[in-house]
Amino acid sequence: MEYRSLPPGLCTTTTAALACGVQPATIRDWVRRGLLSRAGGTPKRPIYRVRDVLAARDAPKPSRPGQRAENAA
């Protein structure tokens, strides 16, 4: 169940993913890796500030050993 309405400037995991062109799992991964912080909500239904989501999208992502290359064949 999604929120019926949120205050301006806030979004859910699903809408954050749509805004960034990624899967919702990527948004959750950004939170786990410390690139994005929750702005409220509940543990199962977090909400995020839109400006934070866009900053996380544009932030350089640290690479990890064994990580797939973005343009791998």
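Every number here is computed from the coordinates shown, using simple stated rules; none is lab data. Predicted model only: the values in this text are computed from it and were never measured. Please note: Cβ atoms are built from the backbone with ideal geometry, for glycine as well, and neighbour counts cover all protein chains shown.
The H on the amide N of GLY41, modeled in the peptide plane, is under 5 Å from the matching H of ILE47, each at least 5 residues off or on a different chain.
Couplings for region 15-29, taken from phi via the Karplus curve 6.51 cos²θ - 1.76 cosθ + 1.60 with θ = phi - 60°, read 6, 5, 5, 4, 5, 9, x, 10, 7, x, 4, 5, 4, 4, 5 Hz in order; Gly and Pro are left as x. Modelled spin labels at ARG33 and ARG45, positioned 7 Å past Cα toward Cβ, are 2.8 nm from each other.
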